[in-house]
Amino acid sequence: MEVQETRVQTDRVLTIPNILSMARLVGVPVFLWLILRPEFGGPKSDGWALLVLLFSGVSDYLDGKLARRWNQISSLGRLLDPAADRLYVLSTLVGLTWREILPLWLTAALLLRELMLLVMVGILRRHGYPPPQVNFLGKAATFNLMYAFPLLLLSDGSGWISSLAAIFGWAFAGWGTTLYWWAGVLYVVQVRRLVRADATAD
C-alpha cells in the first residue's frame, strides 16, 4: 500500500471507470446470493456466480486502465475501486466458507489482515493522512485471490476438471494470501514511519 497522496484529475462522478466500479459493487450481493442458493434449498448457480466473478475481474482491470488513459482518475474512484475489491474478497470468503470449500484457517488469516488494515487506516486518519492507495503488490494479491476463488468454486464437483481446478485454485490461494500479508506488513511499516516522523516533528 502507498500512503502518498496522488493527484486527483477530476471530481466528476459519472465517468466510465466509476460506472464500472459501481457495477462491480452491485454485483457483490448478486454473487453472494448465487453462491449461497444451494445452502437454502435452491439449485446450484455456480456457473452464474463464476460469470459475476469474471465480470468483476475484467471491470477491475478496465476501470483503472481507462481512468489513467482518459485522465478520469477521481476521488470517488479511488474509494470505489478498493472498496469493490475488498467486498468481493469478503463475500467470496463468506460464501466459500459457508459451503465448506474454504477452511476456516484460511478465512481467518485473510480476515485478520483486513482487520489489521482497518486499524492502520484509523491511525492514519488520526494523524491527518488520507486512506491508503492500492499499489502493485496489493493488486497482485487481489488478482491471485480472484483467480483462486472461482477455481476453488469450480473444484466443488467431480471429474478431472474439478481436480485440476483444485490444484491451480490452491496455488493461487497460497500466493494470494502470502502477497496479501506482505502488502499489509509493508503498509504497517510505512504507517509506523509516518507516526514516528510526526512525533519527531512535534
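The values are calculated or read from the model by the stated rules, or taken from the named source; none is laboratory data. Note that this is a predicted model, so its numbers are computed, not measured. Reconstructed Cβ throughout: ideal geometry from the backbone, glycine too, with neighbour counts over all protein chains shown.
Just a few scattered comments:
- Any chance Val189 is loosely packed, with under 14 Cβ neighbours inside 10 Å and either free of Cβ contacts under 8 Å to residues at least 60 places away in the same chain or more than 18 Å from Thr97 (Cα to Cα) (or both): yes
- Only residues that are surrounded by fewer than 20 Cβ atoms within 10 Å (Cβ to Cβ) and either over 17 Å from the mean Cα position of the chain (by Cα) or of a type in the set (S, T, N, Q) (or both) were counted across the range 23-50, and they come to 14.
- For the range 70-124, the set of residues classified as of a type in the set (D, E, K, R) and either surrounded by 14 or more Cβ atoms within 10 Å (Cβ to Cβ) or within 17 Å of the chain's Cα centre (by Cα) (or both) consists of Arg78, Asp81, Asp85, Arg86, Arg99, Arg113, Glu114, listed by residue number.
- Residues located in the range 156-184, provided they are surrounded by 13 or more Cβ atoms within 10 Å (Cβ to Cβ) and of a type in the set (Gly, Ala, Ser): Gly157, Ser162, Ala165, Ala166, Gly169, Ala171, Ala173, Gly174, Gly176, Ala183, Gly184
- Scanning the range 36-64 for residues that are charged (D, E, K, R), touching a residue at least 24 places away in the same chain (Cβ under 8 Å) and more than 17 Å from Asn144 (Cα to Cα) turns up Glu39, Asp46, Asp63.
- Unmet criterion (only one of (1) within 19 Å of the chain's Cα centre (by Cα); (2) surrounded by fewer than 19 Cβ atoms within 10 Å (Cβ to Cβ)) for Ala67: (2)
- Hey, Phe136 under 27 Å from Asp63 (Cβ atoms) and in contact (Cβ under 8 Å) with a residue 12 or more places away in the chain or not: no
- Of all residues in the range 9-18, none satisfies being under 23 Å from Leu90 (Cα atoms), outside any helix (DSSP H, G or I) and either of a type in the set (Gly, Ala, Ser) or at pLDDT below 85 (or both).
- Among residues of the range 105-116 that are more than 14 Å from Gly174 (Cβ to Cβ), those with a Cβ under 6 angstrom from a residue that is hydroxyl-bearing (Ser, Thr, Tyr) and surrounded by 12 or more Cβ atoms within 10 Å (Cβ to Cβ), sequence gap 6+ or separate chain, pair up as Thr107/Thr97; Arg113/Tyr180.
- Within the range 65-101, considering residues that are free of Cβ contacts under 8 Å to residues at least 60 places away in the same chain and outside any helix (DSSP H, G or I), the one nearest to Ala141 (Cα to Cα): Ile101
- Condition met for Gly128 (part of a loop (DSSP other than H, G, I, E, B), over 24 Å from Thr107 (Cα atoms) and at pLDDT below 85): yes
- Residue match in the range 141-161 (condition: assigned to a helix (DSSP H, G or I), within 30 Å of Ala197 (Cα to Cα), touching a residue at least 40 places away in the same chain (Cβ under 8 Å) and of a type outside the set (D, E, K, R)): yes
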